[in-house]
Amino acid sequence: MSLAAGDRPIRVLVADDSELFRELLARVVAGEPGFEVAAVAADGDAAAAMARALRPDVVTMDLHMPDADGYSGIARIMAETPTPILVLTANPTEAAGFRALSLGALDILEKPSATADLGEYGRLIRSRLRLLAGVKVIRHLRGLRERRDAAPAHGARVEVVVIGASLGGPRALAAVLRGLPPDFPAPIAVVQHIADGFTAGLAGWLAQESRLDVREARDGEPLRPGRVLIAPTGRHLVLGEGVARLSEAPPVDTFRPSVTPLFTSAARQYGRRCCGVLLTGMGRDGAEGLRVIKDAGGPTLAQDEATSAVFGMARAAVELGAVDRVLPVDEIPRALRELTR
């Protein structure tokens, strides 16, 4: 791919304490026209200083570095020069890695192994960097207050909640789950688009961030009040009669897991007793599924643009007429508490 006349390359700041990995990543990133390594940094403080001085389009950040780690670097960058940040970690199952997302990083990806195909990894990381470079950065998740329009009347008490999210979703999910009590009276099922292998770590982190029982879903697992099931890597999560089911059916909207099968299965099983929620994310996954829930009589919510990293999936649902209420993410827990009373 060549740059069109006048196009500017995506400028990337690479932060890692390993000189060998910095050099490797710099070669991988610059392996295609359209990318430029603006600088490299050996710790979080150096990365923050370079971000302030050079204003890169996106930062890759290691977490475990001496002197100033990646967490402090992310916090400083978000406070001083908000910039899209891609976290690179050697341990995708480590819940602590998701702390970086709560500080403002947008996405997380596993570092390549010693036997990885660097050509394939290069294509993967460049696609992520290209995506992140065009995303606005949100310092915090408190948005404009909800308009106090009357909510649509809903006679049946909601008995199950289904949630879909993509880019920026872990942080939004944490905000939603944190606002729910430990005795929340409905089970919650979640599809979050995330790199392969990260769902167990995501579930562990969300369990730490909330007062709910958050776990990676297993086939046949009972749906219980206050339990949050996260779709695992590479399998659709759908709802059966009182249980979670995992499926290796073909991808939907290029995703597996996909939000749409979860939503449509919930509508089929629960009808108007199901609430669908679409959070931040790019693309259209889940929009049609949310319309199925609405057509079945269930209430539907979407995160607003002001608090979304990407107002894509929710926008698509709004355009379909599938959304009852568009809310700042910090208002969604209250809406769920009201609907499940």
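Dipole of region 157-307 (Lys/Arg Cβ +1, Asp/Glu Cβ -1, origin at the Cα centre): which of S265, G286, L237 lies farthest to the positive side?
Most positive-ward Cα: S265.
If you build a Gaussian network model of the chain, linking Cα atoms that sit under 10 Å apart, which residue out of L278, L173, L131 swings the most?
Of the options given, L131 has the highest mean-square fluctuation.
Between T233 and residues 5 or more places away or on another chain, which pairs have amide H atoms under 5 Å apart, with H built 1.01 Å from N, and which residues are they?
Amide H to amide H, under 5 Å and 5 or more residues apart or across chains, T233 pairs with G197, T199.
Given the chain, what percent of its DSSP beta bridges are antiparallel, to the nearest 5? It would help to have the intermediate numbers written out before the result.
On the way: 6 of 48 bridges.
Roughly 10 percent of the DSSP beta bridges within the chain come out antiparallel.
Let me know the Rg and Dmax you get for region 160-339 when you use only its Cα atoms, in Å.
14.0, 38
Over region 160-339, what is the percentage of antiparallel beta bridges among all DSSP beta bridges, to the nearest 5?
Numbers: 6 of 30 bridges.
Around 20 percent antiparallel, to the nearest 5.
Helix-derived [θ] at 222 nm for the chain: sum -39500 (n - 2.57) over DSSP H runs of at least 4, divide by residue count, nearest 500?
On the way: 11 runs with 110 residues, N = 341.
Calculated mean residue ellipticity at 222 nm is -9500 deg cm²/dmol.
Among Y270, Y71, which comes first, then next, by fewest other beta-carbon atoms within 10 Å?
Numbers: Y270 24, Y71 21.
Least to most surrounded, the residues fall as Y71, Y270.
Could you give the size of the charge dipole of the chain about its Cα centre, using +1 on the Cβ of each K and R and -1 on the Cβ of each D and E, expressed in debye and rounded to the nearest 20? Intermediate results must be reported in sequence, preceding the final value.
On the way: 41 positive and 42 negative charges, 249 e Å.
My answer is approximately 1200 debye.
Using the Kirkwood radius over Cα pairs, work out the Stokes-Einstein diffusion coefficient for region 284-341 at 10 °C and 1.306 mPa s, in µm²/s as a whole number.
Working: Rh = 11.5 Å.
Taking Rh from Cα pairs, D becomes 138 µm²/s.
Calculate the dipole size of region 224-341 relative to its Cα centre from +1 charges on Lys and Arg beta carbons and -1 charges on Asp and Glu beta carbons; express the result in debye to the nearest 20.
The dipole magnitude comes to about 500 debye.
In whole Hz, with x marking every Gly and Pro, tabulate ³J(HN,Hα) for region 241-253 from phi via Karplus 6.51 cos²θ - 1.76 cosθ + 1.60, θ = phi - 60°.
Ordered by residue, 3J(HN,Hα) equals 7, x, 9, 8, 10, 10, 9, 9, 4, x, x, 10, 6 Hz.
How far is helix 169-178 tilted, in degrees, relative to the longest principal axis of the Cα atoms in the chain, given as a value from 0 to 90 rounded to the nearest 10?
Relative to the chain, helix 169-178 is tipped by roughly 50 degrees.
Between helix 118-133 and the chain, what is the angle of the helix's C-alpha long axis to the longest principal axis, kept within 0 to 90° and rounded to the nearest 10?
Its long axis makes an angle of about 70 degrees.
Per residue, what volume in Å³ does the Cα convex hull of region 1-89 take up? Show your work: numbers first, answer last.
Numbers: hull volume 7.3 nm³, N = 89.
Dividing the Cα hull volume of region 1-89 by its residues yields 82 Å³.
If you build the Cα gyration tensor of the chain and take the root of 5 times each eigenvalue, what three semi-axes come out, in whole angstrom, biggest first? List each step's numbers first, then the result.
Values: eigenvalues 253, 80, 71 Å².
Output for the chain: semi-axes of 36, 20, 19 Å.
Hand me the trypsin sites (Lys or Arg not before Pro) from region 149-243 located in a DSSP loop with no more than 16 other Cβ atoms within 10 Å, in residue order please. Don't skip to the answer; put the middle values down first.
Working: sites: R157, R171, R178, R211, R215, R218, R227, R235; in loops: R157, R211, R218, R235.
Sparse-neighbourhood loop trypsin sites (Lys or Arg not before Pro): R157, R211, R218.
Just how large is the dipole of region 27-84 about the Cα centre, in debye to the nearest 20, putting +1 at every Lys and Arg Cβ and -1 at every Asp and Glu Cβ?
Working: 4 positive and 9 negative charges, 30 e Å.
I would put it at about 140 debye.
What list of ³J(HN,Hα) couplings, whole Hz, do you get for region 100-106 from phi and the Karplus terms 6.51, -1.76, 1.60, once you set θ to phi - 60° and write x for glycine and proline?
These are the phi-based 3J(HN,Hα) values: 4, 6, 5, 7, x, 4, 8 Hz.
Just how far, in whole angstrom, is region 282-327 from region 198-248 if you go by their alpha carbon centroids?
21
Where the centroid of each part is defined by its Cα atoms, how far is region 104-132 from region 6-35 in Å?
Each part reduced to its Cα centre gives a spacing of 11 Å.
So what's the angle, to the nearest 10 degrees on a 0 to 90 scale, between helix 19-29 and the longest Cα principal axis of the chain?
That helix lies at roughly 70 degrees to the long axis.
Please work out how much length the chain gains when fully extended from E319 to E221, using 0.36 nm per residue of separation minus the C-alpha to C-alpha distance, in nm with one decimal.
Numbers: separation 98, 0.36 × 98 = 35.28 nm, distance 3.46 nm.
That pair, E319 and E221, stretches by 31.8 nm at full extension.
Rank D117, D304, D17 by mean-square fluctuation in a GNM of the chain with C-alpha springs under 10 angstrom and give only the top-ranked residue.
D117
Starting at the first residue of region 60-71, write each ³J(HN,Hα) from the Karplus equation 6.51 cos²θ - 1.76 cosθ + 1.60 with θ = phi - 60°, in whole Hz, x for Gly and Pro.
Running phi through 6.51 cos²θ - 1.76 cosθ + 1.60 with θ = phi - 60° gives 9, 10, 6, 9, 9, 10, x, 6, 10, 7, x, 4 Hz.
Here, each number is a calculation from the coordinates, and none is a lab measurement. Remember, it's a predicted structure, so these values are computed and weren't measured experimentally. Methodologically, a virtual Cβ is constructed for each residue, glycine included, from the backbone with ideal geometry; neighbour enumeration extends over all protein chains shown.
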